[in-house]
Amino acid sequence: MAKINLKKVIGNNAHWTINKTIAKEIGLAETLVLQHIIDLESVFKRNEIFQPIPEMAAELCLTEYTIKQAIGKLKSLELLNVERKSVGFKNFYSVNQEKVLEFMSGSAQLSSELNSTDQRVEGVSELNTTSQRVENELTSEVNSTLSELNTISQRVENAIAITNNTTNNTLQKIYTNNTTAAPEASLENIIDKLLNILIDADSNNKEYNNAIEDYHDIGGVDEIAKIMNWDTSVKRNWLSKIQNINLIKTD
């Protein structure tokens with residue numbers, strides 16, 4: 001059988017690009033998320049893009065926890081700008097090109113220095129051997145990091161599953177013990193408490209952030225309006241209140 005150029009065959013369907021220098025500096029998952037956002041900016045020809053965390057995690061084959069951690073690190077390194085907009089409470093991402101180019105410039109300078117050394121110093125084969133050893137060590141480190149990420153991901157998923165089961169059991173007990181109210185009424189009470197937190201400017205940050213997450217999990221004001229049987233004017237009024245408090249909390 002004729003030898004096949006696997007690199008060329010696999011590359012025809014490649015969608016991910018990993019810069020080794022950046023990956024070594026900031027981490028593999030962070031580099032994958034950064035270059036994914038760069039790809040989205042190129043595809044949609046926009047200076048900022050929006051993509052939900054679950055959708056990004058599915059496309060990159062990473063957990064939502066890993067995606068959030070990577071975005072947080074990219075933001076702290078000033079490689080990624082994250083702007084939370086009041087409409088829909090969505091995070092919009094834009095890449096800090098100057099910072100990325102600084103990393104790339106560092107990579108080009110290192111390559112130039114190595115080439116200059118190859119020309120001046122005898123024993124180029126020794127340098128090649130060292131280069132191969134470094135590459136092998138980097139590969140081993142990357143594999144180890146991937147293994148650790150998978151382990152952490154599994155622990156987080158197990159914890160989420162346990163939490164979901166606990167929540168479901170708790171709700172089931174509430175519905176079972178509350179013989180005078182239907183499940184729908186109990187859900188309305190929960191939503192009332194949630195809304196009170198979302199429009200309370202004096203609520204503590206932890207309580208407010210948890211309420212925001214529950215708000216999005218429920219499906220936002222549209223789903224709440226269906227459950228509470230609001231008409232359009234009532235829904236619009238509640239949305240305005242929620243957005244106003246969110247602007248205060250996120251300043």
**Item:** Residue-level accessible surface for Glu55, protein heavy atoms, 1.4 Å, Å²
**Value:** 90
**Message:** Suppose accessible area is computed on protein heavy atoms with a 1.4 Å probe; arrange His216, His36 from highest to lowest.
**Reply:** His216, His36
**Message:** If I ignore ligands, DNA and RNA and count only protein heavy atoms, how much of Thr145 is accessible to a 1.4 Å probe, in Å² to the nearest 10?
**Reply:** 50
**Prompt:** Got a sec to turn the phi values of the range 60-68 into Karplus ³J(HN,Hα) couplings, 6.51 cos²θ - 1.76 cosθ + 1.60 with θ = phi - 60°, whole Hz, x for Gly and Pro?
**Reply:** 9, 6, 10, 7, 4, 4, 4, 4, 5
**Asked** Tally Lys and Arg at +1 and Asp and Glu at -1 over the other residues with C-beta under 14 Å from the C-beta of Asn91: what net charge comes out?
**Response** 0
**Asked** Which of the residue pairs Lys45/Lys206; Lys45/Lys85; Lys90/Lys235; Lys73/Lys241 have a Cα-Cα distance greater than 29 Å in the structure shown?
**Response** Lys45/Lys206; Lys73/Lys241
**Under the Debye formula (equal points on every Cα, no solvent term), log10 I(q)/I(0) of the range 43-90 at q = 0.30 Å⁻¹** = -1.20
**Asked** At a probe size of 1.4 Å, how large is the accessible area of Leu77, to the nearest 10 Å²?
**Response** 70
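The values are calculated or read from the model by the stated rules, or taken from the named source; none is laboratory data. Just so we're clear, the structure is a prediction, and the values are computed from it rather than from any experiment. Heads up, the Cβs are rebuilt from the backbone with ideal geometry, glycines too, and the neighbour counts pull from every protein chain shown. Areas reflect the complete protein model, heavy atoms only, side chains present, ligands, DNA and RNA absent. Shrake-Rupley method; radii C 1.70, N 1.55, O 1.52, S 1.80 Å.
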